[in-house]
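Trainee: Below are the structure tokens for one structure; questions will follow.
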Amino acid sequence: MGRRTRKKEQGEKKRVARERVETLFTLAERVFPYSPELANRYVEIALAVQQKAKIRLPRKWKRRYCKRCHSFLVPGKNARVRLRSRPYPHVVIKCLNCGHIMRYPYLREKKEKRRAD
């Protein structure tokens, strides 16, 4: 087997893994209202696939699960979302299952808004 075919094969594996992760998170989103446990299981499987294939999670999914207990987060149901401006502008997401707090800065969005004005 040549180097090119191996590289092509790896690229194919990563593409399939990305599709699976996307599918699993979409399923978790759909199934959450009826079965939060199943949604959490989908997240765990997606994270295992992502880890095995060594791919990055898209930002939109990275912020939809708890980093500590791996539960699928839905604002208002099992997650509290707050905006804070001090000491720097950031979003605070608190998992209501385990109490874990995640903070994400939103300086970039604010800078882009300033440029547009």
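FYI, it's all coordinate maths here, none of it is from the lab. Bear in mind that the values here come from a model prediction, so they are computed numbers and not experimental data. Every residue, glycine among them, receives a Cβ derived from its backbone with ideal geometry; neighbour counts consider all protein chains shown.
Trainee: With +1 on each Lys and Arg Cβ and -1 on each Asp and Glu Cβ, how big is the dipole of the chain about its Cα centre, in debye rounded to the nearest 20? Intermediate results must be reported in sequence, preceding the final value.
Mentor: Values: 35 positive and 10 negative charges, 154 e Å.
For this selection, approximately 740 debye.
Trainee: Which value in deg cm²/dmol, rounded to the nearest 500, describes the helix-derived mean residue ellipticity at 222 nm for the chain, given -39,500 (n - 2.57) per DSSP H run of n ≥ 4 and division by the residue count?
Mentor: -17000 deg cm²/dmol
Trainee: Subtract the Cα-Cα distance of Ser35 and Arg82 from 0.36 nm times their separation in residues, and report this length gain in nm to one decimal.
Mentor: Numbers: separation 47, 0.36 × 47 = 16.92 nm, distance 2.55 nm.
Answer, rounded to one decimal: 14.4 nm.
Trainee: Still on this structure, please answer the following. ³J(HN,Hα) across the stretch 96-104 via Karplus (A = 6.51, B = -1.76, C = 1.60, θ = phi - 60°), whole Hz, x for Gly/Pro?
Mentor: For the stretch 96-104, the Karplus curve yields 7, 7, 10, x, 5, 10, 10, 10, 10 Hz.
Trainee: Divide the volume of the convex hull of the Cα atoms of the chain by its number of residues and quote the answer in cubic angstrom per residue. Don't skip to the answer; put the middle values down first.
Mentor: Numbers: hull volume 17.6 nm³, N = 117.
Value for the chain: 150 Å³ per residue.
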